[in-house]
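Data block below; observations after.
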Amino acid sequence: MNKVLLSTFVFLSALQFTIAQNNFKNKIDTAIGKAFKYIENEKYNFSKDIFFQYLYMLKNNNLNSDTDIDRYASTLDSLDYKEFYALYDIIKTGNTKDRDCLYSDSIPFMNLFYQVMFIKTDSLSKDFFSSLEKVSKEGDYHLTHCYLSLTELKKNTKYLNKNQIKSLYFHHNILEKKIYNEIILKLPWDFTNSDIKTEAIDLLLMNKRSDLIKSTEIQKILSSQRKEGYWFIIDNNIENSDKTIASDERYKEALKENFEFAKEHISLLVIDLLLNYKMQK
């Protein structure tokens, strides 16, 4: 009798676990569907940088879109038009004649990323890894974007020599540990950190490190989706529930100046994050 009861208990426990897993997967699928609907409706209003992120996300997930590139580019001024097609070219071909317009002294981590994107036609500079090490020490977005550069470089090791490959995995391992320790473990989910936390989780999942991400983190992200399908901050009720943050000048300024950019940027990050998470479960 005890064996029968034990077997029944084990069966019911396994059934409940399976149901819970299926419900979680359904929530993820629903969230992705709503988010894509929002993104597809808004994409022609994106800034060129967000549109680049959108195309990069599609490419990384082998997704197609009915995006009319010329329709989008026709709305840009001459400088943005040139930069946009340079960004579009490196997504599609890994090369562009107008690459010089992309580099910037003020955003060194993006220069490292563009070097990686041009790896099929250009060799890495001799100081690439020493520059990456220096830039990543700035932390936050410098750290995550340097890690993104190495993540992209891992796809193209055939263009590297043995010493470069050794350096690649050495630095990749170091930055991965720093992202986990300094961002995933230390930073709380709040308005000021929601972007960098989402980015860090996405990058770790992109590198198949779901073992470093608790399912509760994914639940928090899922529950913060707005009814329109986008994400902005990781707490739907922050405006009402936390008067300290709601009265913070940084919060007000971000809502005023960066709301459209932030919700589109974070939404694309979350779509990529959920797709990566889904593939590993």
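The values are calculated or read from the model by the stated rules, or taken from the named source; none is laboratory data. No experiment lies behind these values; they were computed from the predicted model shown. Backbone-built Cβ (ideal geometry, glycine too); neighbour counts: all protein chains shown. Each accessible area value is taken on the protein alone, full model and side chains, heavy atoms only, with ligands, DNA and RNA left out. Shrake-Rupley method; radii C 1.70, N 1.55, O 1.52, S 1.80 Å.
Please note which helices (runs of 4 or more DSSP H) are completely contained in region 215-281 and include at least 1 residues that are over 14 Å from Thr192 (Cα atoms) and modelled with pLDDT of 90 or more.
Output list reads 215-223, 259-279.
Tell me yes or no: at least one residue of region 199-210 is surrounded by fewer than 17 Cβ atoms within 10 Å (Cβ to Cβ), modelled with pLDDT under 90 and either in contact with a strand residue (DSSP E or B) (Cβ under 8 Å, 6 or more places away or on another chain) or not in a helix (DSSP H, G or I) (or both). Taking every residue of region 199-210 in turn, none turns out to be surrounded by fewer than 17 Cβ atoms within 10 Å (Cβ to Cβ), modelled with pLDDT under 90 and either in contact with a strand residue (DSSP E or B) (Cβ under 8 Å, 6 or more places away or on another chain) or not in a helix (DSSP H, G or I) (or both).
What number of residues within region 52-86 are closer than 21 Å to Tyr103 by Cα, out of contact with any Leu (no Cβ under 7 Å at 6 or more places or on another chain) and without any contact (Cβ under 8 Å) to a residue 24 or more places away in the chain? Total satisfying the criteria: 7.
For Ile179, the criteria (1) surrounded by 20 or more Cβ atoms within 10 Å (Cβ to Cβ); (2) farther than 22 Å from Asp211 by Cα hold in every case but one, which is (2).
Are any residues in region 110-134 open to solvent by less than 50 Å² (accessible area, probe 1.4 Å) and either assigned to a loop (DSSP other than H, G, I, E, B) or at pLDDT below 90 (or both), and if so, which ones?
Phe118, Ile119, Leu124, Ser125
Within region 83-109, the only residue that satisfies the criterion of being outside any loop (DSSP other than H, G, I, E, B), surrounded by fewer than 16 Cβ atoms within 10 Å (Cβ to Cβ) and out of contact with any Lys or Arg (no Cβ under 9 Å at 6 or more places or on another chain) is Asp100. Residues of region 39-70 being of a type in the set (D, E, K, R) and farther than 16 Å from Asp272 by Cβ, which ones? Glu42, Lys48, Asp66, Asp68, Asp70 - these are the residues of region 39-70 that are of a type in the set (D, E, K, R) and farther than 16 Å from Asp272 by Cβ.
Would you say Tyr147 is farther than 21 Å from Ala86 by Cα and surrounded by 17 or more Cβ atoms within 10 Å (Cβ to Cβ)?
Working: farther than 21 Å from Ala86 by Cα: yes; surrounded by 17 or more Cβ atoms within 10 Å (Cβ to Cβ): yes.
The answer is yes for Tyr147.
In region 90-107, the residues that are on the phi > 0 side of the Ramachandran plot reach residues that are open to solvent by 80 Å² or more (accessible area, probe 1.4 Å) with C-beta atoms within less than 6 angstrom, at least six apart or across chains, in these pairs: Gly94/Lys120.
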